[in-house]
Amino acid sequence: MTRSLVCLFLLSTPAFAAAATIKTHTTGSVAIVGATVVHPELEAGSAVSPDYTVIISGDRIQAVGPATTTKVPHGARVIDAHGKWVIPGLIDSHVHFFQSANLFTRPDVADFGRFVPYAAELQRNQARLPQTFRVWLASGVTSVADVGGPFWNFEVRAAARASHVAPRVATTGPLISMVPRPQLDLGDPPIIKISSPEEARALVARELPHKPDYIKVWFIHEPGDDLGAQESIVRATADAAHSAGLRLAVHATELVVAKAALRAGADFLVHSVQDEPVDDEFIALARARHILYCPTLFVIMGYRYALSGTWQPTEAEKRLADPQVLAGAAPGGGAQGPAS
């Protein structure tokens with residue numbers, strides 16, 4: 001097998017409930033012996049290989065093969081993985097560091113500030129980032145993509161890079177938005193209203209010194225808005241991003257808006273089209289641009305379950321999730337979860 005960068009999880013069951021991250025920071029070798037290896041690029045029975053050995057040297061996977069034929073290097077550290085599964089690290093491709101799973105995290109959507117002020121919730125999210133990193137790893141997630149937030153997002157990325165107990169992080173700065181969100185502006189706003197192509201280019205220029213991994217537009221189209229004018233803002237943003245060698249991520253959840261975003265140069269749609277089935281024109285635009293498409297299927301349902309008091313945590317969530325978030329979202333908890 002061709003050598004590849006180590007990014008594996010060792011699981012105690014087929015479910016994605018990770019028992020241990022396999023990371024090496026020395027030149028020594030590690031042999032994971034007897035595991036069931038999952039090959040997500042293969043189909044059906046070929047995707048699962050029982051009683052396999054994985055050889056890691058430094059930060060590279062050197063070999064993956066049957067235990068009977070894959071030689072363990074002399075002096076290697078041996079991990080007995082019989083009864084366990086090895087999977088590639090998962091990627092959470094749509095997160096926001098400034099948010100949490102709490103109901104208090106987006107007062108512009110549902111304002112529960114009388115229970116927990118937004119400023120307190122934001123401080124709590126920042127303070128808990130080391131624990132959040134650990135929960136991602138414990139859930140099998142070794143890479144995350146934050147798709148927009150305050151400029152302190154870049155400090156989070158730096159902290160993750162400096163830690164051995166954090167996923168790899170890709171991020172960007174404030175969302176270039178068609179609408180204002182003053183409820184979220186505490187001095188370093190995650191969403192900034194842009195009214196012209198010139199303003200869009202200026203905000204991209206402010207972000208570039210921080211070396212963002214991409215640029216993000218929050219393309220909200222409301223009744224009476226000039227779609228053509230909005231598309232010109234997206235196009236100016238795309239041009240500025242592409243000139244800097246960056247991709248453009250766009251929030252566009254209606255079909256007409258998503259097609260406008262693709263025409264304007266979007267490379268990454270961070271949500272599904274939600275209002276109607278996509279059509280042949282959308283498919284043609286998406287294929288022509290070779291876009292990334294992140295479905296985020298559960299976002300709206302998450303709000304509905306939590307606000308209706310019908311959400312039930314899974315066993316993994318009970319074990320790993322933030323207890324305060326669980327208390328606030330569980331049946332009967334609603335918006336009266338404990339204050340931070």
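The values are calculated or read from the model by the stated rules, or taken from the named source; none is laboratory data. Quick caveat: nothing in here was measured; it's all calculated off a predicted structure. Quick reminder, even Gly has a Cβ in these numbers, built from the backbone with ideal geometry, and neighbours come from all protein chains shown. Protein only, heavy atoms only, side chains kept; ligands, DNA and RNA dropped before computing areas. Shrake-Rupley method; radii C 1.70, N 1.55, O 1.52, S 1.80 Å.
The table below gives the values:
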item: Qualifying lysines (Cα of each under 21 Å from Cα of residue 84; at least 8 residues distant if same chain); result: 23, 71
item: Angle between the chain longest axis and helix 227-243 axis [Cα atoms, degrees, rounded to 10]; result: 40 degrees
item: Coordinate range along principal axes, alpha carbons of segment 201-300, Å, largest first; result: 39, 28, 28
item: Whole-number D in µm² s⁻¹ for segment 77-163, Kirkwood Cα-pair radius fed into Stokes-Einstein, 10 °C, 1.306 mPa s; result: 106 µm²/s
item: Gain on full stretching of the segment that runs from residue 327 to residue 77 - 0.36 nm per residue minus C-alpha separation; result: 85.8 nm
item: Crossing angle, helix 280-289 versus the chain [Cα axis fit, 0-90 degrees, rounded to tens]; result: 60 degrees
item: Mean Cβ count within 10 Å, highest first, over the residues of peptides 302-309, 237-244; result: 237-244, 302-309
item: By average C-beta atoms within 10 angstrom, highest first, the peptides 211-222, 265-276; result: 211-222, 265-276
item: Accessible area of segment 94-236 belonging to carbon and sulfur atoms, whole % at 1.4 Å probe; result: 55 percent
item: Rg over Rh [alpha-carbon atoms, Kirkwood Rh] for segment 118-257; result: 1.00
item: Under 30 Å from residue 216, Cα to Cα: lysines that are on another chain or at least 8 residues apart; result: 193, 259
item: Along principal axes, Cα extents of segment 176-227, largest first, whole Å; result: 36, 24, 17
item: Per-pair calculated FRET efficiency, R0 = 51 Å: residue 308 and residue 163 via Cβ, rounded to 0.05; result: 0.85
item: The chain: angle of helix 118-127 to the longest principal axis, Cα-based, in degrees nearest 10; result: 30 degrees
item: Long-range tail of P(r) for segment 235-275 (Cα pairs > 15 Å, %); result: 34 percent
